[in-house]
Amino acid sequence: MSENEATTDKIERLITPLETHPPAPEFVAGTKVPADLRERAAADRLGYWAEQARELEWATPFTEVLDWSNAPFAKWFADGELNASVNCLDRHVAAGRGDRVAIHFVGEPGDTRDVTYAELHREVQRAANVLESLGVTAGDRVAIYLPMIPETVVAMLACARIGAVHSVIFGGFSSDAIRQRVDDAGAKLVITANGSNRKGRVLPLKEAVDAALERPGHTVEHVLVIERPDHEVEWVEGRDLRWHDAMAAADDVHEARAFGAEHPLFILYTSGTTGTPKGLLHTTGGYLAQVAATHRTSFDLRDDDVYWCTADVGWVTGHSYIVYGPLANGATQVMYEGAHDFPTLDRWFEIVERYGVTIFYAAPTAIRGFMRSGREIPQRHDLSSIRLLGSVGEPINPEAWEWYREVIGGGTAPIVDTWWQTETGAHMIAPLPTQDALKAGSGQKPVPGVVVEVIAEDGRRVDPGEMGLLTITEPWPAMARGIWGDDDRFIETYWSQFPGRYFAGDGAGVDLDGDLWLLGRVDDVMNVSGHRLSTAEIEGALVEHRFTAEAAVVGAADETTGQAVVAFVVLKESQREAAAETDAVAALREWVGRIIGRIARPRDLYIVDELPKTRSGKIMRRLLKDVAEGRQVGDTSTLTDASVMQAIAGGVAGGAHDD
Ligand code: WT7
């Protein structure tokens, strides 16, 4: 499909009346989401958010709602004081819900463990005491590099309890990436595990941390190590401490202190259009208010729900919709450690069946993967407990949406497509499942209290039936409060293209009913399986290799993962012989894995003689994308040398790539 056909296809969707799925009366019965919620929020946006924030427990109630005087650095509920961990734990225990299961944990090897709110509360108090005994105090940064296990939640909430700022680093990142993040945040402590269970093998997490900290000059005083798989690790005396020993020695009572609503809660790094990841800073009160509110309204949360978000805590989805949202709401959830296809593709469905999962929240990549392997697999299981499905991280194509509803949702479960970002902290666009007639593939409406506008490059608001750029016009409680250590970059990246508005970097369309369609990134940010990767960062890693003279990376459409990383590399003249003696393609892919992490390894890597450039020396990624997606190469008239593209296309068609 050419770029033009793809565009026509998207416009087609905006102007074609579609079948809609109104909420079934049986579904709506018993909902706690008021029918006039959206109208109320539209009439009094700040009042709505204040009302949502009052659902939290405040040690000092707030009197101010929003202070936008230092825009774009917002302050929400700034004179109020609260503790995030108290909101997620103590208040539920105090209300007599301590015996309720917070987490049904399923380990990859098959071990299971139910953790109640009372147990989680005690563990977090112990861990808070451990952190304090190590000299960690309010405002200190703690890096967390852990698998999907309950201890990860304990570690995060223990930081929150003492006012320390956690920076969770996804387990798929390399030691270099860990070091970069540890240095940027100035982390005092690292919490890791001896390893992580992945597809029957052990991912060596502690080794990665050791390698990250090998070079002196970092800020880390201690490394706390949780023992998870049966796996021996090296020990750095004086620096390394065993989590289990420290926890056993610690008291399980910890008096929590309240912090100002704007006290930093966490930093989370994400990729942008440059080579350096950005540490988005989130604070306490506004973030917690919006994640909890959206977790209730987008998912129509009820007391007897068993909720399951399949994301990893290393991404924002895990922060907001595994840790803070569900726990602030006192929900019961499933947490699964391992891969969806281990030991077989039945794994997720066995878990749904075993725990009677009612709300299931996953990424389109996973859904498309299951579509390809066939409906027989989910149909072997009783999935009838599911009453609502969620989608997150990337656009969901209408075919995947229909399949998801029919095969996983029994033909009746509403699908809530939630659009948001690390920067937004919480859902921004999502249908209200109890009220909206759903359309396959549309995010539909901003969540109550959020105001967005799709505009053209010139700032004009697009008409129904048109595509444009998604902007957010009013501040929202869970918005990032900046980029750690770089206020200018925050302003420059998000607030400078369209003054007074937040620019998300996403394209969107508005259909004839005024519903929103999210169309993916319009910048050099790729979205692979719902994970954000930067072309510049991967190019930077490739040129660090001794073989490489130049590199260009594009995100190419991929049927399963949405996009895939495709790299084009020009070798250094002096290295051609050396490269010919090894498998240079494999070596370069592995190298990217080492520098950034295995998630960033290119799917395809082509060695080419030259990259297509304009007369001013700019790489024409658009043409490389044509090649990577197997299309006829587009307009080459601005190239210095049009034969370059013929050579590249010829080489690619000749199969000079790696599968
Ligand atoms: C980017 C944000 C949201 C948490 C996980 C990813 C894309 C996210 C959707 C959706 C279409 C989506 C956007 C966005 N995205 N959700 N429902 N439909 N696109 O967080 O790593 O910060 O990435 O993911 O392009 O900008 P993230």
Quiz item: In the range 108-123, what residues are crowded, with 19+ Cβ neighbours inside 10 Å and part of a loop (DSSP other than H, G, I, E, B)?
Solution: Glu108
Quiz item: Quick check, is Arg239 away from the ligand (no atom under 16 Å from the Cβ), of a type in the set (Lys, Arg), surrounded by fewer than 19 Cβ atoms within 10 Å (Cβ to Cβ) and closer than 30 Å to Leu438 by Cα?
Solution: no
Exercise. Might you check whether a residue that is within 16 Å of the ligand (Cβ to nearest atom) and touching a strand residue (DSSP E or B) at 6+ places or on another chain (Cβ under 6 Å) occurs anywhere in the range 371-386?
Key: no
Quiz item: Are any of the residues in the range 303-313 open to solvent by 10 Å² or more (accessible area, probe 1.4 Å), within 11 Å of the ligand (Cβ to nearest atom) and either within 15 Å of Ala478 (Cβ to Cβ) or in contact (Cβ under 8 Å) with a residue 60 or more places away in the chain (or both)?
Solution: yes
Quiz item: Can you tell me how many residues in the range 177-223 are in a helix (DSSP H, G or I), buried (at least 21 other Cβ atoms within 10 Å of the Cβ) and among the small types (Gly, Ala, Ser)?
Solution: 4
Exercise. Would you list the strands (runs of 3 or more DSSP E) that sit entirely within the range 548-659 and hold 2 or more residues that are open to solvent by 40 Å² or more (accessible area, probe 1.4 Å)?
Key: 548-558
Exercise. Would you tally the residues in the range 124-139 being hydrophobic (A, V, I, L, M, F, W, C) and surrounded by fewer than 22 Cβ atoms within 10 Å (Cβ to Cβ)?
Key: 2
Practice problem: Would you mind finding the one in Thr332, Thr276 that is away from the ligand (no atom under 14 Å from the Cβ), out of contact with any Ser or Thr (no Cβ under 8 Å at 6 or more places or on another chain), on the phi < 0 side of the Ramachandran plot and modelled with pLDDT under 95? | Solution: Thr276
Quiz item: For the range 114-139, what are the residues that are among the aliphatic types (A, V, I, L, M) and under 19 Å from Val165 (Cα atoms)?
Solution: Val124, Ala127, Ala128, Val130, Leu131, Leu134, Val136, Ala138
Practice problem: Give the residues of the range 124-171 that are over 17 Å from His254 (Cβ atoms) and not in a strand (DSSP E or B), sorted by residue number. | Solution: Gly139, Leu146, Pro147, Met148, Ile149, Pro150, Thr152, Ile169, Phe170, Gly171
Quiz item: Conditions: (1) of a type in the set (S, T, N, Q); (2) within 16 Å of the ligand (Cβ to nearest atom); (3) open to solvent by less than 40 Å² (accessible area, probe 1.4 Å). Thr358 meets all but one. Number of the miss?
Solution: (2)
Self-check item: Set Ser385, Ser391: member being hydroxyl-bearing (Ser, Thr, Tyr) and open to solvent by less than 20 Å² (accessible area, probe 1.4 Å)
Solution: Ser391
Quiz item: Quick one: how many residues across the range 436-453 are within 16 Å of the ligand (Cβ to nearest atom) and either at pLDDT below 95 or part of a loop (DSSP other than H, G, I, E, B) (or both)?
Solution: 9
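The values are calculated or read from the model by the stated rules, or taken from the named source; none is laboratory data. In this text, all values refer to a predicted model and were calculated from it rather than measured experimentally. As a convention, Cβ positions derive from the backbone with ideal geometry for all residues, glycine included, and neighbour counts pool all protein chains shown. Quick note on the areas: whole protein, heavy atoms, side chains included, nothing else; ligands and nucleic acids left out. Shrake-Rupley method; radii C 1.70, N 1.55, O 1.52, S 1.80 Å.
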